[in-house]
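The values are calculated or read from the model by the stated rules, or taken from the named source; none is laboratory data. Note that the structure is predicted; figures quoted are calculated from it, not measured. Backbone-built Cβ (ideal geometry, glycine too); neighbour counts: all protein chains shown. When the accessible area is computed, the model is the full protein with side chains, heavy atoms only, and any ligands, DNA or RNA have been set aside. Shrake-Rupley method; radii C 1.70, N 1.55, O 1.52, S 1.80 Å.
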Amino acid sequence: MAGLVVGLLLAAADGTHPPDVLVDLDGVPAGPVSEVDFEFGTNELHDLFVAGGIDRARELGLDSVRVWLGHRFLSIAVRGISASDMDWEFLYDYVARVLAAGAEPFVSFVAPPAWIPAASGRPSSQHESETLGAEGAQAYGEYVAEAIARLHARFGDQALDWRYVIWNEPNNHQNAGSTYACGTGEAYAVLFNQARAATDGRFGSGRIALGGPSLDAIDSGATPGADGQPICGAQPDLDWQNYLTSVDARVPFDFITWHWYGMFEIGQASPHDTLVNRLGWFERRVRLITELAAGRPHIVEEINYNGDLDADPLINAQVNAAFLASATLRAVRQGASGTMVYKGTRGTGGLTPRGEPDFGLWESDPEVPTTPAYRALQLLRRVVVNGARLAHVEVRPGDVDALALTRGEDAALILVNLSDQQRQVRVSGLPAGPSVHVDDVAPWRTAWFDGASLTLEPHAVAVVTPAASTLATLPLVATGASAYGGTAGAPSCAGCHGVAGDGGPAPAIRDVVRATFDASHAASAPSAGSIAAFLAGLADATHAFAGEVMDEDGMPIEGAMVLADFGAHGQVAFTDRDGRFHLSAARGDDGPFAVAPQLFAIHPDFRAAGVPTARMASSLSQTDVDFELTGNADEDGRPLLASAHVVPHTGPGVPSGAWTVGVATAGEGLSVWAVHRASGRAVRLHGVDGHPYGLFHTRIGVLNPPANERHWTFVAVAPDGAASRFNDFRPEIPPVGELGSAAGLRLPV
């Protein structure tokens, strides 16, 4: 972590003003886990996941969405009482919507369909409180296996890897009734074990991941009924921990699911009590279930500020952003595998389609602004990334929460103000750098951490990113970049507009808002939403990366290429005789979709380096970056380049003004780039499968400077960092040529 502590400014160290947050980036975290393995999800109801909900789920970056197969679903899907007499297309459509959101279905078999007999012999009521006898429990298990088999037939082998949950809140008297809530879990265990037997028999032992029990967040046993007497009478009515322990001993859970809300009734607790005391209870519960799970995943399958079916007005307030952000931090550090907010979409005007009060992260109308909690989770989704390492953090005040993570040489500190007052938070152990805030000032804004303290607005969520490139790209943006670039051998958006023009894609479609893109000729494209997000994230190159490239002896390396890699394209600068460079490229924190580059230093005589030896944000507009390169492999191990070409392309469906840039290569697993020397724009070339000369090429749009400025430099880098010689390409320029008879245009070539 040497690069992160360069120029470190510590908060006041005297005893009068001790720091509020102490960060030790190399220290061991206090919780049970040291590395992030976490997913973000939501609950949905079948009648709410409309087009706007899918878009917002994608834009949040959800990993999973819970598919409810409860009474509301069954009342529409089930057609009769004959076995499997159900509209399976209804289920397929819902699952397809989850997949369209870029998420994985988390299928919950909440209740038995009508063809399953109740204990009395009548058809099931299709509610989770239905009592089943031996015959009904066996039929329920067969229903679970049959549904998975049908999903497998429709969606392929991926369906066998999804997670499937048995029942919902069996310990909740109101939802599941006394049959499941009373006792020590025997009735629930019968349902689960029948589902296990049926799925093992159909797919092989343990092939299907089954979980539960979707535990309700009750805190005590002996629940009184309306008459004041215990609901369960003489039977045990266990608290959540004893119930879960008892059930876990009876069934082979592959993963555990449980629910938690800040309060059960609106106004039951003040915001301060909910954020400080009750979130403390929640964190202790996460730790206890992590210990009980003993290495198995456990997911907080439902969570929100309030569990009342009425819509709490605080759901739309910044306080809910602080609640869900802090809950996420606590879940991560105490070992939960993920959280699923109850829920994602709500109907227009905050009502369900049936006119009931509702709550969620966003409305189905895409024109209605999302909640502050949505923006906060969107920010956390870019920071809490799998593989990141948790650092040691100590927080002194009770109304501030914090989590620090490192990824390679990068670090990030997440802060949550649990107070309704503005706070000046003193931080020790983190270098100065930019910060991103979600608060009442703006849904998303950039500020500055001076190395000593940071101002947090009431209930604000903020991320400090000293290395200026720690924010990961949302999955939606990565998908959009791939869709925009298309394949190397077919026309694509990139084929028309280019990936190496002014700032990447052509200025006419850069930095678009969704409404503008929806009116474009690409609005009907299957990946229109992700392409729009990708384009919106390509912010102007206003950030400066400056520094030097040295060898192992500390001598400057002249002529090294420093590349800001954005995936499909990049920006390049070359070092001067003193090994210094100055590169202008986007930093990646301008908004949820902003793309942060990965920096590389490349020189033919050395191995390429993608990890700087030092990186420090010296101001809000500049980051200082240094590289140390080691000697390259011998000439025999160096990738080779030949036959570089930049030619007009007039293939079918490609408009005039598109060019093909390519080069032949020799080497395995190469990353190949072409750099336009006049503008410093770089474009990643794509390999042509099976080509006898190792051809890499791509299409670009008309460049500015003019298209006839064809001075390019090509380079290939092997997986071990060995770099080819720089292949400089600058042919004689003919005066005027024709770009294809079909175009009817004459442009300089």
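Secondary structure note: in the range 191-310, about 10% of the DSSP beta bridges are antiparallel. Taken about its Cα centre, the chain carries a charge dipole of about 1220 debye when Lys and Arg each add +1 at the Cβ and Asp and Glu each add -1 at the Cβ.
Go ahead and run the numbers for FRET between Leu292 and Arg730, Cβ-Cβ distance against an R0 of 51 Å, rounding to 0.05. Once rounded, the FRET efficiency stands at 0.15. Roughly how far apart, in whole Å, are the Cα centres of the range 279-293 and the range 72-133? Each part's Cα centre sits 32 Å from the other's. Put simply, when 22-31, 406-415 are sorted by average Cβ atoms within 10 angstrom per residue, most first, you get 406-415, 22-31.
Dipole of the range 246-287 computed with +1 at Lys/Arg Cβ and -1 at Asp/Glu Cβ about the Cα centre; of Ser246, Thr257, Leu275, farthest Cα towards the positive end is Ser246. To the nearest 10, the accessible area of Ser75 is 80 Å² with a 1.4 Å probe. The listed peptides 622-629, 435-442, 264-271, ordered by packing as a protection proxy, come out as 622-629, 435-442, 264-271 (highest mean of other Cβ atoms within 10 Å first). For the chain, the relative contact order works out to 12 percent when only alpha carbon pairs closer than 8 Å and six or more residues apart are counted. Between the C-alpha center of the range 541-607 and that of the range 238-263 there is a gap of 51 Å.
Can you compute the label reach from Glu89? Point 7 Å from Cα along the Cβ direction, backbone N cut-off under 20 Å, restricted to the range 50-65. Answer for the range 50-65: 50-51. Can you pull the percent of the chain's accessible area that's carbon plus sulfur, 1.4 Å probe, other chains left in place? Its accessible area is 51 percent carbon and sulfur atoms. Listed by number, the DSSP H helices of the chain that run 20 Å or longer by alpha-carbon position along their axis and have mean Kyte hydropathy of at least 0.0 are 279-293, 318-333. The fraction of all Cα pairs in the chain landing in successive 10 Å bins from 0 to the largest distance is 3, 13, 21, 22, 19, 13, 7, 2, 0, 0, given as whole percents. Computed packing ranks the peptides 370-382, 635-647 as 370-382, 635-647, most packed first, by mean other Cβ atoms within 10 Å. With Cα atoms defining each centre, the range 662-687 and the range 344-400 are spaced 40 Å apart in the structure. At 222 nm, what helix-only mean residue ellipticity would the chain give, in deg cm²/dmol to the nearest 500, using -39500 (n - 2.57) for each DSSP H run of four or more? Here the helix-only value at 222 nm equals -7000 deg cm²/dmol.
Reported value for the range 123-191: 97 Å³ per residue, from the convex hull of its C-alpha atoms.
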